[in-house]
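Novice: Right, I'll just put the structure down here and ask away after.
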Amino acid sequence: SLAGLDLKAEINRLRKERNAVILAHYYQEPALQDIADFVGDSLDLSKKAAATDADVIAFCGVRFMAEVAKILSPEKKVVLPDMNAGCSLEDSCPPEEFGKFRAAHPDHIALTYINCSAAVKAHSDIIVTSSSAEKIISQLPRDQKIIFAPDRHLGAYLSRKTGRDMLLWQGSCIVHEAFSEKELLKLKAQHPDAPVAAHPECPAHILDHADHVGSTSSILAYVLASPSQTIIVATEPRIIHQMEKAAPHKIFIGAPGADGNCNCNICPYMALNSMEKLYLALRDLKPEIIVPEDIRLAAKKPLDRMLAMAS
Ligand code: 13P
Ligand code: SF4
């Protein structure tokens with residue numbers, strides 16, 4: 001039994017013993033963010049995973065993120081505290097169907113959001129994240145036909161923003177779809193001076209009310225730079241932990257779901273990881289991420305293209 005264990009001390013001991021680096025996404029529970037060597041958005045975490053000289057990467061995030069770490073650093077052991085930490089966007093894009101969709105549109109390139117399986121990446125031309133997509137699209141020839149998968153809301157947002165028509169795969173994030181426009185308008189009426197910062201995985205009826213749209217790191221930078229005392233945050237609410245740490249005098253309000261609070265917007269996949277499971281992952285070096293070498297090599301190409309085009 002783990003009862004009575006000082007999990008923080010044990011994780012710190014194992015991190016040294018295993019020469020491990022702990023990477024965490026902003027949507028992880030506060031204790032995991034606090035014990036991580038590095039906390040970031042999907043692009044930051046990919047870069048860190050590619051550059052680290054640790055022997056083990058303990059990835060506190062969801063499975064596709066840990067897979068990216070393995071694809072970029074195959075000689076490292078990559079562990080994910082809970083192997084069931086998936087993503088609704090990944091689930092909405094089965095590799096075989098995506099392969100068929102691609103084959104039906106041979107004159108299009110596939111620009112694919114990093115929130116997908118390694119097998120879908122292997123069928124893609126360029127991977128993008130929320131923080132790199134606009135920069136990457138701006139480097140593509142104007143007449144280039146583009147398939148964008150799997151997030152239809154991010155795809156629609158990017159189309160509006162860049163003026164490029166893209167063929168959209170109809171996937172979505174269950175967390176960002178749960179925000180209620182009606183409740184958001186009520187909240188805005190209560191806090192008329194509070195700007196709204198939103199993630200582009202939100203549907204257009206939420207983004208229409210946003211003062212800033214960007215990736216998690218971009219939202220964090222925006223709220224810290226904002227002169228406003230109160231800010232409404234329309235993304236997974238656990239990122240508010242970093243905001244409160246960096247700006248304890250400001251007030252951050254998570255955008256509400258239909259029930260009027262932001263708890264329904266906690267990502268159920270991210271929430272599967274815990275301090276206990278991180279401890280066990282470092283102790284037992286499992287659950288371990290394995291990516292078959294043919295898929296890894298095919299998925300690495302569009303990821304390398306992203307890293308080159310985003311820098
Ligand atoms: P970013 O951290 O890249 O903005 O991604 C958000 C997200 O939904 C990750 O699953
Ligand atoms: Fe996937 Fe949405 Fe959870 Fe991010 S917040 S991991 S996109 S389900």
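The values are calculated or read from the model by the stated rules, or taken from the named source; none is laboratory data. If you're wondering where the values come from, they're calculated on a predicted model, not measured in any experiment. Neighbour counts run over all protein chains shown; Cβ positions are idealised from the backbone, glycine included.
Novice: Return the total of residues in the stretch 67-95 being within 12 Å of ligand 2 (Cβ to nearest atom) and either closer than 16 Å to Leu272 by Cα or out of contact with any Lys or Arg (no Cβ under 8 Å at 6 or more places or on another chain) (or both).
Specialist: Number of matching residues: 8.
Novice: What number goes with the only condition from (1) of a type in the set (A, V, I, L, M, F, W, C); (2) farther than 18 Å from Gly61 by Cβ; (3) in contact with a strand residue (DSSP E or B) (Cβ under 7 Å, 6 or more places away or on another chain); (4) modelled with pLDDT of 95 or more that Cys262 does not pass?
Specialist: Among (1) of a type in the set (A, V, I, L, M, F, W, C); (2) farther than 18 Å from Gly61 by Cβ; (3) in contact with a strand residue (DSSP E or B) (Cβ under 7 Å, 6 or more places away or on another chain); (4) modelled with pLDDT of 95 or more, Cys262 violates only (4).
Novice: Right, another one. From the list Ile239, Ile206, Ile231, pick out the single residue that is crowded, with 18+ Cβ neighbours inside 10 Å, out of contact with any His (no Cβ under 7 Å at 6 or more places or on another chain), farther than 24 Å from Leu32 by Cβ and in contact (Cβ under 8 Å) with a residue 24 or more places away in the chain.
Specialist: Ile206
Novice: Let me ask something else about it. Any idea which of Glu177, Glu183 is under 18 Å from Gly257 (Cα atoms) and either among the aliphatic types (A, V, I, L, M) or within 16 Å of ligand 1 (Cβ to nearest atom) (or both)?
Specialist: Sole residue among the options that is under 18 Å from Gly257 (Cα atoms) and either among the aliphatic types (A, V, I, L, M) or within 16 Å of ligand 1 (Cβ to nearest atom) (or both): Glu177.
Novice: Just to be sure, is Ser73 more than 16 Å from the chain's Cα centre (by Cα) and not basic (Lys, Arg)?
Specialist: Yes, satisfied.
Novice: In the stretch 26-74, which residue that is touching a His at 6+ places or on another chain (Cβ under 8 Å) and of a type in the set (S, T, N, Q) is surrounded by the fewest Cβ atoms within 10 Å (Cβ to Cβ)?
Specialist: Gln33
Novice: Please work out which one of (1) more than 16 Å from ligand 2 (Cβ to nearest atom); (2) at pLDDT below 95; (3) in contact with a helix residue (DSSP H, G or I) (Cβ under 8 Å, 6 or more places away or on another chain) is the condition Asp44 fails and give its number.
Specialist: Going through the list (1) more than 16 Å from ligand 2 (Cβ to nearest atom); (2) at pLDDT below 95; (3) in contact with a helix residue (DSSP H, G or I) (Cβ under 8 Å, 6 or more places away or on another chain), Asp44 breaks only (1).
Novice: Among the residues of the stretch 86-128, what is the count of those that are away from ligand 1 (no atom under 16 Å from the Cβ), of a type in the set (Lys, Arg) and touching a residue at least 60 places away in the same chain (Cβ under 8 Å)?
Specialist: 0
Novice: Moving on. Looking for whichever is away from ligand 2 (no atom under 14 Å from the Cβ) and either closer than 25 Å to Lys286 by Cα or in a helix (DSSP H, G or I) (or both) here; the options are Phe64, Phe59, Phe98. Which one fits?
Specialist: Phe98
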